[in-house]
Amino acid sequence: MTQLAELPDRGVITLAGADRVAFLQGLVSNDVALAAPGRAVFAAFLTPHGRWLADFLIFSDGERLFLDSARAQIADLLRRLGRYRLRMDVTLTEADAMRVYAAWHGTPDGLPAAALKAADPRHPEAGTRILSPLALATNASQGDWDAHRLRLGLPDGPRDLEAGETLLLEARYDEFQAISWTKGCYMGQELTARTRYRGLVKRRLVPVMVEGDCPPPGTPILSGGEAVGTLRSGCEGLALAMLPNPLPPGPFTAAGRRLVAGATPG
């Protein structure tokens, strides 16, 4: 049965103008030119030193680009991106009327003509992402979506990454189709490429199974009585955790609860 959930903690930025693709292309980690009606692109916006600041799914209706991002980061994104406009023909505005939905186990029928939909490019089982100016009838909650994405090991932006600290390969964004290795220069590219070619990934964001209730994000993870990492977002016995790469032998605990690292239910 198709599941459809509204994601109220997501917001949308609209980019219009003839230079919208060229403008964004030099700033984000993936190839913006691949975004097209019916096809979304996942990309990250980095510091000049290659540390994660934000990420978004990029949609296109052929005339504008739409960035589906964490709502809490919209104002900061508008401010940061606006610094690079210079004399380019591009405008950035928050699309207040757009609602963000996730669908999985199928795609809902009867969407409004003005809705934008595309397969979530991060994982073959992630489902479909929908931006709609009209409310849709849902049959699932944001919590249901969280459980689904955690089964797939998908991070959720600022809930799982540290702005100005996390490297894309630490967050496995190479596995989630967020990086183009061929498109050319973008802000933060040098460190991202060096991390890949030198194999400098000292920690990784990995899925874990939790015995009992999930401790809150930021809870230290212990192995052999020593702190080795931190817990990120979680629910229903599933979570993400930042742990050393390669993984220590374990066993792992967080707030007294046993963790099984690198595993999700089948």
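Kindly check whether there is at least one residue in the stretch 70-85 that is under 19 Å from Phe176 (Cβ atoms), outside any helix (DSSP H, G or I), at pLDDT 95 or above and not acidic (Asp, Glu).
Looking for residues that are under 19 Å from Phe176 (Cβ atoms), outside any helix (DSSP H, G or I), at pLDDT 95 or above and not acidic (Asp, Glu), one finds at least one in the stretch 70-85, hence yes.
State yes or no: is Leu136 part of a strand (DSSP E or B) and farther than 30 Å from Thr195 by Cβ?
Values: part of a strand (DSSP E or B): no; farther than 30 Å from Thr195 by Cβ: yes.
No.
Quick check on Ala44: is it surrounded by fewer than 21 Cβ atoms within 10 Å (Cβ to Cβ), among the small types (Gly, Ala, Ser), more than 21 Å from Gln142 (Cα to Cα) and touching a residue at least 12 places away in the same chain (Cβ under 8 Å)? First the steps, then the outcome.
Working: surrounded by fewer than 21 Cβ atoms within 10 Å (Cβ to Cβ): no; among the small types (Gly, Ala, Ser): yes; more than 21 Å from Gln142 (Cα to Cα): yes; touching a residue at least 12 places away in the same chain (Cβ under 8 Å): yes.
So Ala44 fails the test.
Considering each residue of the stretch 92-131, count those that are of a type in the set (Asp, Glu) and either under 17 Å from Ala40 (Cα atoms) or not assigned by TED's automatic domain parsing to the domain that holds Asp19 (or both), and give that number.
2
When the residues of the stretch 194-206 are narrowed to those that are among the hydrophobic types (A, V, I, L, M, F, W, C) and under 21 Å from the mean Cα position of the chain (by Cα), which ends up surrounded by the fewest Cβ atoms within 10 Å (Cβ to Cβ)? Don't jump to the end; show me each part of the working.
Just the residues of the stretch 194-206 that are among the hydrophobic types (A, V, I, L, M, F, W, C), to begin with: 200-201, 205-206.
So of that shortlist, the ones also under 21 Å from the mean Cα position of the chain (by Cα) come out as 201, 205-206.
Working: Val201: 17, Leu205: 21, Val206: 20.
Applying the filter and picking the extreme gives Val201.
Considering only the stretch 160-180, I want to know if a residue exists there that is touching a residue at least 60 places away in the same chain (Cβ under 8 Å), of a type in the set (Val, Ile, Thr) and closer than 26 Å to Pro37 by Cβ. Steps first, please.
Let us first name the residues in the stretch 160-180 that are touching a residue at least 60 places away in the same chain (Cβ under 8 Å), namely 160-168, 170-171, 173, 176-180.
Narrowing the set further to residues that are of a type in the set (Val, Ile, Thr) leaves 166, 179.
With closer than 26 Å to Pro37 by Cβ added as a condition, the list becomes 179.
Checked the stretch 160-180: at least one residue is touching a residue at least 60 places away in the same chain (Cβ under 8 Å), of a type in the set (Val, Ile, Thr) and closer than 26 Å to Pro37 by Cβ.
Working only within the stretch 79-95, note down all residues that are in contact (Cβ under 8 Å) with a residue 40 or more places away in the chain and closer than 20 Å to Ser60 by Cα.
Of the stretch 79-95, the ones in contact (Cβ under 8 Å) with a residue 40 or more places away in the chain are 81, 84-85, 88-95.
The answer is Leu81, Arg85, Met88, Asp89, Val90, Thr91, Leu92, Thr93, Glu94, Ala95.
Only one of Leu134, Leu191, Leu152, Leu169 is in the same structural domain as Leu77 (by TED's automatic domain parsing) and either surrounded by 15 or more Cβ atoms within 10 Å (Cβ to Cβ) or touching an Asp or Glu at 6+ places or on another chain (Cβ under 7 Å) (or both). Can you tell me which? Even if it seems obvious, please write down each step before you answer.
On the way: Leu134 fails: either surrounded by 15 or more Cβ atoms within 10 Å (Cβ to Cβ) or touching an Asp or Glu at 6+ places or on another chain (Cβ under 7 Å) (or both); Leu191 fails: in the same structural domain as Leu77 (by TED's automatic domain parsing); Leu169 fails: in the same structural domain as Leu77 (by TED's automatic domain parsing).
The unique qualifying residue is Leu152.
Test Arg122 against the criterion of being under 18 Å from the mean Cα position of the chain (by Cα) and in a loop (DSSP other than H, G, I, E, B), and give yes or no.
Working: under 18 Å from the mean Cα position of the chain (by Cα): yes; in a loop (DSSP other than H, G, I, E, B): yes.
In short, yes.
Please state which one of Ala5, Ala43 is under 22 Å from Thr192 (Cα atoms) and in a strand (DSSP E or B).
Working: Ala5 fails: under 22 Å from Thr192 (Cα atoms).
Every option except Ala43 fails the conditions.
If we scan the stretch 89-101, do we find a residue that is in a loop (DSSP other than H, G, I, E, B) and of a type outside the set (A, V, I, L, M, F, W, C)? If you could, list the steps in order and put the result at the bottom.
The initial filter retains those residues of the stretch 89-101 that are in a loop (DSSP other than H, G, I, E, B), namely 89-90, 95-98.
When the remaining residues are screened for being of a type outside the set (A, V, I, L, M, F, W, C), the result is 89, 96.
Yes, the stretch 89-101 contains at least one residue that is in a loop (DSSP other than H, G, I, E, B) and of a type outside the set (A, V, I, L, M, F, W, C).
Which one of the conditions (1) over 13 Å from Leu57 (Cα atoms); (2) in contact with a Lys or Arg (Cβ under 8 Å, 6 or more places away or on another chain); (3) not in a loop (DSSP other than H, G, I, E, B) does Arg129 fail to meet, given that it meets all the rest?
(1)
Tell me, please, whether a residue that is in contact (Cβ under 8 Å) with a residue 24 or more places away in the chain and in contact with a Phe, Trp or Tyr (Cβ under 6 Å, 6 or more places away or on another chain) can be found in the stretch 207-230.
yes
The values are calculated or read from the model by the stated rules, or taken from the named source; none is laboratory data. Note that the structure is a prediction, hence the values are computed from the model and not measured. Using ideal geometry, Cβ is built from the backbone for each residue, glycine included, and neighbour counts are taken over all protein chains shown.
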